[in-house]
Every structure is written in structure tokens, then in C-alpha cells.
Amino acid sequence: MNFPKISIVTPSYNQGRYLEATIQSVLDQNYPNLEYVVIDGGSDDNSVEVIKRYEQHLAYWVSEKDKGQSHAINKGFGKVSGDIYAWLNSDDRLEPGALATVAEASAQYPQAAVFVGHGRKADISDNTVYYKDPDELTFERFCQWMDGGNFMQPSCFFRRLAWDEAGPLDVSIDIALDVDLWLKMAKKFSFQKIDQLLSTALVHEEAKTTALINRMKVDCALVVTRAGGGEYVRKHLEQMADQLTAYESLHKRLSKNVIVRLVKPLLGRKFRMNNR
């Protein structure tokens, strides 16, 4: 079997408690042509200590301040020279045999530039809380990302050509940075599904997509609209607008009631004092 060079980038910041499992999941692939890079954003926890334990197996690593996740991933891909790229966040992990499976798919489907496998989310006890078997992998379906036209980012691998044409990641996008990239790639390249579980994402309170779920929705709607798929997210934007209007209305009523409840007694007292 031909083993194309696969380059994996792990961006991390203060994720020392999860980072080791991520690194081990990549190295335990025992893939013979691996290029692994870790870009740490200047963590002040035990992340650097964890990285140093594995630095002999890394092609490159650094710990310094950066401009966020997108910037870290872009920096990492700027250091690699593989045939196939992917990034694996510091609280995710690859499933056993994932890289060999991707290598086989790349040989079997030379016309495809992006490969997407099954993915799952698990809690800290490794209980599956979400499983995604991607369906149609097209631009139109990705525009329906908020309606289930999605897939798990850690289970996506792409040829260097796709990155060179569609990258780098937009550093102005905080959460839906991956959706923005998939939309750009889908306009130029074909995606190929792999019917195998490739990755697991850890669900925990500190995870960005867990802690910032509402911002994720807004981010996604914006990138889809920017890509030309505004019609697919209109209903979601209208729902968010209705929720915001309802919230503002409730906030005003609550604020008014609070003001009346607090100020009225004082006004009454002043009125009585002035008329004694």
C-alpha cells in the first residue's frame, strides 16, 4: 500500500487536561508517513509539559501567543508538507486506524479532494451523546448546515491542493471557521464519504461549541450567507431575530417593573415629606 504523507495540526490553549489523549490518539495510529504539529497559544497550565513528553515524535511545536484557533491552525499548516491535511483540536481524538483508512480512500478515489468519515461526540466517561453519519456532501447541503447538513470536523481530511486553493482559515471567524472552509472547498472540489468512524470529539463545559452555542449559530448563519446561501439560513435568522425581540421586550418590562418597585416608594416618601 502507498502511504501518502498525512499532516495533522493540533491547536491548543490551556487544554492540558485533554491534550495528552489527543496526542496519543494520533501517535498510536502508527501511521508510517505522519507529520504531526502542535501549536500552543502560550498556555499557562501544564500543556507545555505534556507536549515536551512527546516532542521527539513531533515534526514541530511551539508555545507562544497567537490570535486564536484559526491563526494557530494556519500557522501549523504553514509548517507542514504533507499530501493530506487535517486538524485535530486538543480535546478531540482519532479513532484507531483512522489515518490508514483515509490513505486507502485517497488512493481509491483520486478524483476526490476532501474525505469525510463518521464522527461522534462523547462525554468524559466516553459515552456517546451524538453520532453523525454524513449524508450528501455538496455545497447546497453544507448551506443547510444548521438543518443537519453537517459533519464532524475532526473526521474531515483534505488534499493539500484543496487547502492551497480554499485556505487559509479566516481569522475573523471565531467558531464556524470550519464551515467557512468547507463551503469554499465545495465550490471547487469534490467530497468523498468514508463509511467508518474516524474521530471522537469530547463534550465538556469548556468546549467552545458547548459554551458558545448561540454565537455558533450566528457565526454559521453569517458564513453561509456570505457564501451565497442566505436563503438556507433565513428562517434561522428570523427565529433569532424574534427571540431577540422577545428578549428585549421582556428585558424592558422587567427593567420598568424593577424601577417602579424601587423608585416608587422613594417618590412617595418624598411626596409625603414635602407635604407635611
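The values are calculated or read from the model by the stated rules, or taken from the named source; none is laboratory data. What you see is a predicted model, and the numbers here were worked out from it, not measured in a lab. Counting neighbours? That spans all protein chains shown, and the Cβs are built from the backbone with ideal geometry, glycine included.
Based on this model, can you work out whether V80 counts as more than 26 Å from V203 (Cβ to Cβ) and in contact (Cβ under 8 Å) with a residue 40 or more places away in the chain? Answer is yes for this residue.
Condition test on F189, is it assigned by TED's automatic domain parsing to the domain that holds D219, closer than 18 Å to G82 by Cα and not aliphatic (A, V, I, L, M)? When the stated conditions are applied, F189 does not pass them.
Being in contact (Cβ under 8 Å) with a residue 24 or more places away in the chain, touching a strand residue (DSSP E or B) at 6+ places or on another chain (Cβ under 8 Å) and farther than 17 Å from C143 by Cα is a condition met by no residue of segment 168-187. Here A113 fulfils each of the conditions (1) under 23 Å from A227 (Cβ atoms); (2) among the aliphatic types (A, V, I, L, M); (3) at pLDDT below 95 apart from (3).
Name the strands (runs of 3 or more DSSP E) wholly within segment 82-166 that hold at least 2 residues that are of a type in the set (S, T, Y) and assigned by TED's automatic domain parsing to the domain that holds Q196? Give the steps one after another, and end with the answer.
Values: elements: 84-87, 92-94, 114-122, 128-132, 156-159.
Result: 128-132.
In this entry, G76 passes the filter for residues that are out of contact with any Gly (no Cβ under 9 Å at 6 or more places or on another chain) and buried (at least 18 other Cβ atoms within 10 Å of the Cβ).
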